[in-house]
Structures are given as structure tokens and as C-alpha cells.
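The values are calculated or read from the model by the stated rules, or taken from the named source; none is laboratory data. Fair warning: this is a prediction, and the values are worked out from it, not measured in the lab. Backbone-built Cβ (ideal geometry, glycine too); neighbour counts: all protein chains shown.
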Amino acid sequence: MKILAIETSCDETAAAVVEDGVRVWSSVVHSQINIFEAYGGVIPEVAARSHIEMILPVIDNALRDFWQNFHADKLQNDWRGQVWSEIDAVACTVMPGLIGSLLVGSLTARTLALAHRKPFYAIHHVEAHAYANFITDMVRYNHPHEVTFDKIRESQPKFPILALLVSGGHSQIVLFRDHGNYELLGQTADDAVGEAFDKVAKILGLPYPGGPSIARAALGGNSRKYDFPKARMARKYDFSFSGVKTAVLRRVQQEVGVDHTFPSGKLSERLSAAQVTDFAASFQRVAVETLVDKLILAYREFAPKSVIIAGGVSANQALRREIRQRFAVEDPSLKIEFPPLYLCTDNAMMIGALAYFKAKRTPADDLLTVEVIPSVSMTKTAWNI
Ligand code: KG4
Ligand code: ZN
């Protein structure tokens with residue numbers, strides 16, 4: 001089953017063709033980072049307008065790449081007339097995300113499904129992030145014609161799966177008992193961890209997006225130079241990252257000798273390069289330890305067969321290192337594989353992968369009544385229980 005998948009929930013316009021939840025025939029991602037670097041954050045209205053400009057070229061390129069890879073041949077002039085005969089379904093992120101951005105993808109995807117008479121699958125963005133782990137090996141081997149799907153399936157994560165889902169909008173620990181059958185164990189009470197990286201980067205004068213900037217700045221820094229408190233939560237798997245962000249702000253103010261009335265946008269001008277490096281490393285250590293402490297706690301309680309990590313923040317090397325090291329002590333037989341970076345940040349491959357498993361188990365969504373939902377808890381969205 002080949003699915004055209006579309007993702008526009010935040011600031012990436014993406015489309016991909018994925019077969020049977022495993023084989024990626026094509027993937028196109030247009031990032032709006034260039035636009036938002038200048039502002040230090042995403043402006044929802046501008047993001048939606050950029051999606052409108054890019055959505056058709058991105059889909060056209062994904063279909064063209066698919067057709068070319070599928071036929072391993074020269075592109076025929078009439079490929080657009082034929083390509084839809086090979087597409088079995090259309091899927092698109094409809095929740096959660098920026099409402100204007102979600103609407104562009106959802107309306108385009110549903111229009112295509114209607115026009116070409118294909119079933120449509122509405123996808124949850126954060127749930128889909130976990131599915132980067134299902135296509136990792138296929139993408140990594142890069143031998144689509146030689147490696148069988150069965151061989152890949154042997155190496156896929158096994159249920160129950162404990163997932164750490166960490167992005168610019170979400171920090172969650174989820175237990176997947178099966179496809180579509182999951183339980184939210186804990187989530188952030190305030191800022192998502194990626195959001196905290198972005199905000200701390202701003203305080204330190206590092207460029208947007210903050211995650212990769214902090215990770216780069218932290219290299220060679222002293223991660224023990226500053227200590228920031230880890231939040232204590234009433235529910236043991238919940239997080240809070242707004243406190244550590246404020247603690248960084250206060251410590252920076254103290255370090256440069258100003259009080260809270262000093263404009264935070266100007267603080268970084270007074271920091272030395274060494275201070276920036278040490279602040280970045282110290283913040284990253286506390287953020288990473290907070291995530292991994294809770295993941296280990298959940299591992300002990302639920303004894304899952306696989307542990308996976310997904311979402312933009314899973315690109316963070318310090319987080320990967322900490323997870324590897326701590327789980328090596330916890331359970332040396334547990335295999336933890338991390339998706340390549342381009343599968344961690346927003347893309348449509350993960351949407352196409354989840355859509356396949358959904359399509360195998362549930363009827364298609366009703367094209368005319370599907371709504372986009374900006375904010376929704378994963379407690380309510382399990383579809384296979
Ligand atoms: O999943 P994603 O691409 O978009 C959302 O759904 O939010 O995640 C983007 C987030 C941003 O907050 C970005 O700063 C963070 O992921 N991020 C990182 C790294 N790369 C991206 N955070 C920490 N370290 C990284 N290397
Ligand atoms: Zn995301």
C-alpha cells in the first residue's frame with residue numbers, strides 16, 4: 001500500500017510517498033527556518049502563508065521523485081497523468097499544531113483524496129514522531145529493492161514500547177501497547193523541552209532554532225559550572241521546563257551584574273564566549289538528565305520490550321549519549337537505536353508510516369467532517385483500544 005503523506009503542522013512543509021509503513025519512495029521537506037531565523041521564533045500567520053506557497057510544489061516534487069524511483073527510469077512527460085494510479089491513500093497531520101498551518105495541509109490533502117477518489121487518514125503529529133523508529137532501518141540500509149519488508153519488520157521496535165517524545169511543542173512519555181493503543185504516562189506542565197532549548201538560546205544570544213545552537217555551543221563547555229534545579233512534580237512522569245529556563249535567566253543576570261529590569265534581549269552582549277558555552281552545557285545537562293531520569297523510572301515500572309525516542313529534540317547527541325550510557329547499566333541486553341537526524345525533525349515519512357498501520361486496522365476518515373485540532377492530549381487520541 002503506497003501512501004502520499006503530508007505534514008504542515010508547524011514550520012516545515014513536507015510530503016512523502018511511503019509503502020507499507022516501511023519503504024520510503026520519496027520525501028521532500030521545505031523548512032521555513034530561513035524565514036524565522038530573523039525573528040527568533042515561528043510567527044503562525046507567516047508560517048501558514050509560506051505553507052500555502054510551498055505545499056503544491058512540495059507535493060509535486062514528492063510525487064515526481066516517487067515516480068522516478070518507482071520506475072527507476074527516465075521521467076515520462078505524462079507522469080502526472082499516471083502517478084495517481086499507483087497511490088493507494090492520502091494521509092495528513094491534522095493535530096496538534098498551529099491552526100493555520102494544519103489547515104493548509106489538511107485542506108490540500110483532503111482535496112487531493114476527493115479528486116482522485118482515495119481513502120484519507122487523519123494523523124496525530126506527536127504519535128507519528130514515534131514511527132520514525134519503524135522506518136529507520138529501511139532508510140538506513142538504503143537498499144529498497146534488496147532488503148525484504150519481513151527482514152526490516154524483525155528489527156522494528158516491539159510492543160510494549162516505551163517512547164520519549166520530545167519536540168518544540170511536546171515532552172511526553174508514552175507507553176504504546178500496540179499500534180494506536182497507547183497511554184500517556186507523563187507530559188510537561190508548561191514549556192516543552194524543545195521550547196526551553198529555544199528560549200534559553202535566546203537568552204544566551206544563540207540563533208534560532210535553539211536546540212542545535214545550544215548543542216553546538218555546549219561542546220567543550222563545563223556542564224557542571226552552573227547547577228539548575230530539577231522540578232519536582234506531583235505526578236512522577238510529568239515534566240516542567242519553565243523553572244529551569246527562569247533559573248538560567250536569573251543566573252545570567254547575576255553573572256553579568258544586572259537585575260530583572262534589565263532587557264533580557266541585551267543580556268547576551270555582556271556574556272563572554274566561555275560563559276555562553278558553560279551556560280549552554282549546564283542547561284543541556286539538566287534538561288537531558290530530567291528526561292532520562294523519568295524514562296528510566298518508567299522503564300523499571302513498565303518493563304517494555306523496546307525503548308524509543310522521537311521528535312526534534314531526539315536529534316540531541318548529549319541526550320542520545322545519556323540514554324545509551326544509562327540503559328547500558330540498566331539493561332545491557334536492551335537495543336536502543338536512534339533514527340537518523342532527518343527522521344527526528346518534522347517530515348512526512350513518519351506520517352506515511354503511521355498511516356499504513358492505521359489503514360490496516362481502521363476505516364478511512366470521513367473527508368468532509370475531519371477537523372484540525374491545534375491542541376489535544378494523547379490520552380484522548382488512541383484509536384485501537
Ligand atoms: O519535532 P520538531 O521538528 O518540531 C515540532 O514538532 O516541534 O522539533 C523542533 C524542536 C525545536 O524546539 C528545536 O530547537 C529542537 O526540536 N531541536 C533540538 C535539536 N534539534 C532540534 N533540541 C536539542 N538538540 C538538538 N540537536
Ligand atoms: Zn514535530
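Assorted remarks:
- In region 342-375, the residue that is farthest from V313 (Cα to Cα) out of those that are at pLDDT below 95 and within 16 Å of the chain's Cα centre (by Cα) is S375.
- Failed condition for G100, given (1) crowded, with 19+ Cβ neighbours inside 10 Å; (2) free of Cβ contacts under 8 Å to residues at least 60 places away in the same chain; (3) of a type outside the set (V, I, T): (1)
- No other residue among R321, R326 is part of a helix (DSSP H, G or I), surrounded by fewer than 20 Cβ atoms within 10 Å (Cβ to Cβ) and without any contact (Cβ under 8 Å) to a residue 12 or more places away in the chain apart from R321.
- Number of the exception - R251 against (1) under 26 Å from the mean Cα position of the chain (by Cα); (2) surrounded by 12 or more Cβ atoms within 10 Å (Cβ to Cβ): (1)
- Top-ranked residue in region 333-356 [being within 13 Å of ligand 2 (Cβ to nearest atom) and of a type in the set (S, T, Y); ranked as surrounded by the most Cβ atoms within 10 Å (Cβ to Cβ)]: T345
- Of all residues making up region 202-218, the number that are among the aliphatic types (A, V, I, L, M) and free of Cβ contacts under 8 Å to residues at least 40 places away in the same chain: 0
- Contacts under 6 angstrom Cβ, first residue in region 106-127 being in contact (Cβ under 8 Å) with a residue 12 or more places away in the chain and over 13 Å from V370 (Cα atoms), partner within 16 Å of ligand 1 (Cβ to nearest atom) and part of a loop (DSSP other than H, G, I, E, B), 6 or more apart: H125/S9; H125/G97; V126/H170
- All positions within region 292-316 that are within 16 Å of ligand 2 (Cβ to nearest atom) and either among the polar types (S, T, N, Q) or in a helix (DSSP H, G or I) (or both): G312, V313, S314, A315, N316
- Number of residues in region 203-217 that are farther than 20 Å from E322 by Cβ and either buried (at least 20 other Cβ atoms within 10 Å of the Cβ) or within 18 Å of the chain's Cα centre (by Cα) (or both): the value is 5.
- Each residue in region 337-370 was checked for being assigned to a helix (DSSP H, G or I) and not aromatic (F, W, Y), and 14 of them qualify.
- Positions within region 176-208 being within 16 Å of ligand 2 (Cβ to nearest atom) and either acidic (D, E) or closer than 29 Å to I161 by Cα (or both), in sequence order: Q187, T188, D191, A192, V193, G194, E195, A196, F197, D198
- Test: residue in region 271-282 that is in a loop (DSSP other than H, G, I, E, B) and without any contact (Cβ under 8 Å) to a residue 24 or more places away in the chain: yes
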